[in-house]
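Visitor: Just dropping this structure here.
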Amino acid sequence: MYDLVVVGAGPYGLSIAAHAAAAGLRLRVLGRPMATWRDHMPDGMFLKSEPWSSHLSAPDGGHTLADYCAAHDLTAEHGVPLPLDTFTAYGRWFGERAVPQVEEVGVTAVRPDGAGFHVDTDTGERIAARTVALAVGVMPFVNRPWPLLELPPHLASHSSDHRDLSHFSGRNVTVIGSGQAALETATLLAEQGARPRIVARADRLHWNPPPQPSARGRLRALHDPYSGLGTGWPNWLWAKAPWAVRRLPSATRVRITETALGPAGAWWLRERFEQAGPVLLNHRVRAAAPQGDGVRLHLTHTDGRTDTLDTEHVVAATGYLPDLGRLRLLAPHVRTTLRTVGASRAPELSSGFESSWPGLFFAGLLTAPSFGPSMRFVYGADFTAPRLLRGVQRRLGDRRGATTIPRPARDSAPAAHTT
C-alpha cells in the first residue's frame, strides 16, 4: 500500500509530489504533466502573473523558474510577461528533476477502501493508498453559461477548448466575459484574422496596473505593498496569509473567493486589445439557438431592454466554478458527505488541506473557499505543498496500528446538490 497517491501533475500536483518524495513517502503520481497548460490554453498566450511569483514549490527552494530560464538562456524579468510555452516547459523540467516518476495515466475513480483508498486508472490498475491528494486542476470545473449548454461544439465552446485559434480566421466570433481569458482570447482571435466581439455583464472593462518597480522606497512599499497577487494590502493578505483567511467565518471566506481579484485584463494586453473589436457591455445572454450556419444570441441589457445578435461561433470565457459535484472520479457517497465551506460547493479543509473524510486531501481551485484567492493561481502552490505534506504525515502517524478509517461525523454538513 502506498503512503500517498497524488492525482494530477500540474503545478500543485508536481509541487506536492516533490515535497512528498523528499520526505521519503512511498508515492505514486498520476497524470499528464502540465496537461491543462499544454492542451487547454491557446498558442500565443502569456502568463498574467509575474515570473518571480510563478515558481513551482520544491522543499529546498530550488528548481525555480529563474533556474530553468538561466539553464536555457531565457529571460524571466519583473515587468516582462512570460510566454505560456516557457512556463509549460518549465513545469515539465521541474517534474523531471524534482519528482521521481510521473505516470501519464488517467484516474477513473477514487474510493475509500478499508484502511485507506483504492485509486482506479484508465489502464485497469487498482492502486491501494493510505492517503490521496486530489490536485486535479481546473478542467473538471469549467463554467459554461446555461443558455449555451444545448448548442453543439461547432457553434459554442469554452475558452479552455482551444489550443489553436487559427481555424477561426475570417469568422465572426462572440466572446462572453470580461476577464483576462475573454480579453486575451478576443485579442488572439483578432491577431489570427477572426472578427471577434466581447459581450459582458460588466458595465466597464477593468485593467490591472503595471507592476510596481522591484526596487522602491520603504515608505512607498509600506503604503502600497507588492505581493505575488499584485499591489495593495488586500492582495498582500491573500498572498501572504492564507492561513489567516481560513480562520475567518465561512460566509466571509465564500464572499472573498467570489469577489476578490475579480475579472480584469493584464496591463500589457490593453494596447493589443484595443485593436481587437467591439465591446458590448451591460448585457447577459438570456437564450441561444442555432440560426443558419451560426448562433442567434438573445441578450438582456441591465436596464431590461432585449436585443438579438447573430454570430458564427460563441466562446464562453467564463472561468471555472469550484464544485465537488463535478468531481466525478470521487466516489458519490464521499462527494455528498464531505463537509463544505458555508453555502459553497467546495470542501472545508484542515490547516493541512485534509477534508472531513480522513486521508483525503485537496489542492488548487477547490481549496480557494478555505484558504483564499491565492489558491486560484500558481503562486498558491508554495503555501500548499509543505502544509499538505505535514497533513499527510499527521494522518499516516494517526494510522499506526489502525485497521479502518472512521467515517465522517454524522452531523457534517452535506455538500450542495451535485450536477
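The values are calculated or read from the model by the stated rules, or taken from the named source; none is laboratory data. In this text the structure is predicted, and so the values were computed from the model without any measurement. Quick reminder, even Gly has a Cβ in these numbers, built from the backbone with ideal geometry, and neighbours come from all protein chains shown. Areas reflect the complete protein model, heavy atoms only, side chains present, ligands, DNA and RNA absent. Shrake-Rupley method; radii C 1.70, N 1.55, O 1.52, S 1.80 Å.
Visitor: Being touching a strand residue (DSSP E or B) at 6+ places or on another chain (Cβ under 8 Å), assigned by the TED database to the domain that holds F361 and open to solvent by 10 Å² or more (accessible area, probe 1.4 Å) is the requirement here; does R38 meet it? Before the answer, list the steps.
Guide: Working: touching a strand residue (DSSP E or B) at 6+ places or on another chain (Cβ under 8 Å): no; assigned by the TED database to the domain that holds F361: yes; open to solvent by 10 Å² or more (accessible area, probe 1.4 Å): yes.
Judged against the criteria, R38 is not a match.
Visitor: Tell me yes or no: at least one residue of segment 289-312 is within 26 Å of A200 (Cβ to Cβ) and part of a helix (DSSP H, G or I). Quick ask: steps written out before the conclusion?
Guide: So the first thing to find is which residues in segment 289-312 are within 26 Å of A200 (Cβ to Cβ), and the list is 289-312.
Restricting the remaining residues to those that are part of a helix (DSSP H, G or I) gives none.
No; the residues of segment 289-312 include none that is within 26 Å of A200 (Cβ to Cβ) and part of a helix (DSSP H, G or I).
Visitor: Something else now. State which residue is farthest from A316 (Cα to Cα) when the search covers only segment 179-209 and only residues that are among the small types (G, A, S) and not in a loop (DSSP other than H, G, I, E, B). Before the answer, list the steps.
Guide: In the first step, residues of segment 179-209 are kept if they are among the small types (G, A, S); the result is 179, 181-182, 186, 190, 193-194, 200, 202.
Okay, now just the ones that are also not in a loop (DSSP other than H, G, I, E, B), so 181-182, 186, 190.
Details: A181: 9, A182: 8, A186: 11, A190: 16 Å.
So, considering only residues that are among the small types (G, A, S) and not in a loop (DSSP other than H, G, I, E, B), the one farthest from A316 (Cα to Cα) is A190.
Visitor: Right, another one. Which one is most open to solvent (accessible area, probe 1.4 Å) among residues in segment 20-35 that are in a loop (DSSP other than H, G, I, E, B) and within 19 Å of R376 (Cα to Cα)?
Guide: Ranking the candidates gives P33 first.
Visitor: Still on this model: Conditions: (1) out of contact with any His (no Cβ under 9 Å at 6 or more places or on another chain); (2) open to solvent by less than 50 Å² (accessible area, probe 1.4 Å). R204 meets all but one. Number of the miss?
Guide: So the condition that R204 fails would be (2).
A quick yes/no check of all residues on (1) more than 25 Å from R394 (Cβ to Cβ); (2) outside any strand (DSSP E or B); (3) at pLDDT 95 or above:
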| site | (1), (2), (3) |
| --- | --- |
| V110 | no, no, yes |
| F117 | no, no, yes |
| G124 | yes, yes, yes |
| A133 | no, no, yes |
| V136 | no, yes, yes |
| G170 | yes, yes, yes |
| V173 | yes, no, yes |
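Visitor: Residue check: is H63 on the phi > 0 side of the Ramachandran plot, crowded, with 17+ Cβ neighbours inside 10 Å, over 17 Å from the mean Cα position of the chain (by Cα) and not assigned by the TED database to the domain that holds H167? If you could, list the steps in order and put the result at the bottom.
Guide: Values: on the phi > 0 side of the Ramachandran plot: yes; crowded, with 17+ Cβ neighbours inside 10 Å: yes; over 17 Å from the mean Cα position of the chain (by Cα): yes; not assigned by the TED database to the domain that holds H167: yes.
Yes.
Visitor: Related question: Give segment 325-367 a look and list any residue that's closer than 30 Å to L155 by Cβ and touching a Pro at 6+ places or on another chain (Cβ under 6 Å), or say none. Lay out the reasoning, then the answer.
Guide: Our first condition is that a residue be closer than 30 Å to L155 by Cβ; within segment 325-367, this holds for 325-329, 345, 365.
Answer for segment 325-367, where residues must be closer than 30 Å to L155 by Cβ and touching a Pro at 6+ places or on another chain (Cβ under 6 Å): R326, L327, L365.
Visitor: Now for a separate question. Any residue that is in contact with a strand residue (DSSP E or B) (Cβ under 6 Å, 6 or more places away or on another chain) and either under 23 Å from W52 (Cα atoms) or outside any helix (DSSP H, G or I) (or both) - is there at least one of those in segment 219-234?
Guide: Yes, the conditions are met somewhere in segment 219-234.
Visitor: How about segment 166-183: which of its residues are open to solvent by 10 Å² or more (accessible area, probe 1.4 Å) and not small (G, A, S)?
Guide: Within segment 166-183, H167, R171, N172, I176, Q180 meet the criteria.
Visitor: Among the numbered criteria (1) over 25 Å from the mean Cα position of the chain (by Cα); (2) closer than 20 Å to V6 by Cα; (3) in a loop (DSSP other than H, G, I, E, B), which single criterion is violated by A58?
Guide: The single condition A58 does not satisfy is (1).
Visitor: Out of curiosity, is L261 touching a residue at least 12 places away in the same chain (Cβ under 8 Å), hydrophobic (A, V, I, L, M, F, W, C) and outside any loop (DSSP other than H, G, I, E, B)? Give the derivation first.
Guide: Working: touching a residue at least 12 places away in the same chain (Cβ under 8 Å): yes; hydrophobic (A, V, I, L, M, F, W, C): yes; outside any loop (DSSP other than H, G, I, E, B): no.
Against the criterion (touching a residue at least 12 places away in the same chain (Cβ under 8 Å), hydrophobic (A, V, I, L, M, F, W, C) and outside any loop (DSSP other than H, G, I, E, B)), L261 does not qualify.
Visitor: Kindly indicate whether any position in segment 203-212 is touching a residue at least 60 places away in the same chain (Cβ under 8 Å) and touching a Pro at 6+ places or on another chain (Cβ under 6 Å).
Guide: Looking through segment 203-212, none of the residues is touching a residue at least 60 places away in the same chain (Cβ under 8 Å) and touching a Pro at 6+ places or on another chain (Cβ under 6 Å).
Here is a yes/no grid of residues against (1) in contact with a Lys or Arg (Cβ under 9 Å, 6 or more places away or on another chain); (2) free of Cβ contacts under 8 Å to residues at least 12 places away in the same chain:
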| residue | (1), (2) |
| --- | --- |
| V6 | yes, no |
| L30 | no, no |
| T36 | no, no |
| M41 | yes, no |
| K48 | no, no |
| T64 | no, yes |
| V105 | yes, no |
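Visitor: Can you find, within segment 71-87, the residue that is surrounded by the most Cβ atoms within 10 Å (Cβ to Cβ) among those that are part of a loop (DSSP other than H, G, I, E, B) and touching a residue at least 40 places away in the same chain (Cβ under 8 Å)? Before you say what the answer is, go through the steps one by one.
Guide: Initially, segment 71-87 is screened for residues part of a loop (DSSP other than H, G, I, E, B), giving 72-82.
Within this subset, residues satisfying the condition of being touching a residue at least 40 places away in the same chain (Cβ under 8 Å) are 78-79, 81.
On the way: H78: 14, G79: 13, P81: 17.
This residue is P81.
Visitor: Residue under question is A9, and the condition is that it be within 21 Å of V142 (Cβ to Cβ) and buried (at least 21 other Cβ atoms within 10 Å of the Cβ); does it hold?
Guide: Details: within 21 Å of V142 (Cβ to Cβ): yes; buried (at least 21 other Cβ atoms within 10 Å of the Cβ): yes.
So A9 passes the test.
Visitor: Let me ask something else about it. Among the residues of segment 108-130, are any β-branched (V, I, T) and not assigned by the TED database to the domain that holds R387? Working first, answer last.
Guide: Filtering segment 108-130 down to residues β-branched (V, I, T) leaves 108, 110, 119, 121, 123, 127.
Subset that is not assigned by the TED database to the domain that holds R387: none.
Within segment 108-130, none of the residues are β-branched (V, I, T) and not assigned by the TED database to the domain that holds R387.
Visitor: Could you identify the single residue in R171, R195 that is among the charged types (D, E, K, R), touching a His at 6+ places or on another chain (Cβ under 8 Å), touching a residue at least 60 places away in the same chain (Cβ under 8 Å) and not assigned by the TED database to the domain that holds L329? So that I can check it myself, show each step before the final result.
Guide: Working: R195 fails: touching a His at 6+ places or on another chain (Cβ under 8 Å).
Residue meeting the stated conditions: R171.
Visitor: What about T300, is it modelled with pLDDT of 95 or more and in contact with a strand residue (DSSP E or B) (Cβ under 8 Å, 6 or more places away or on another chain)?
Guide: Numbers: modelled with pLDDT of 95 or more: yes; in contact with a strand residue (DSSP E or B) (Cβ under 8 Å, 6 or more places away or on another chain): yes.
Judged against the criteria, T300 is a match.
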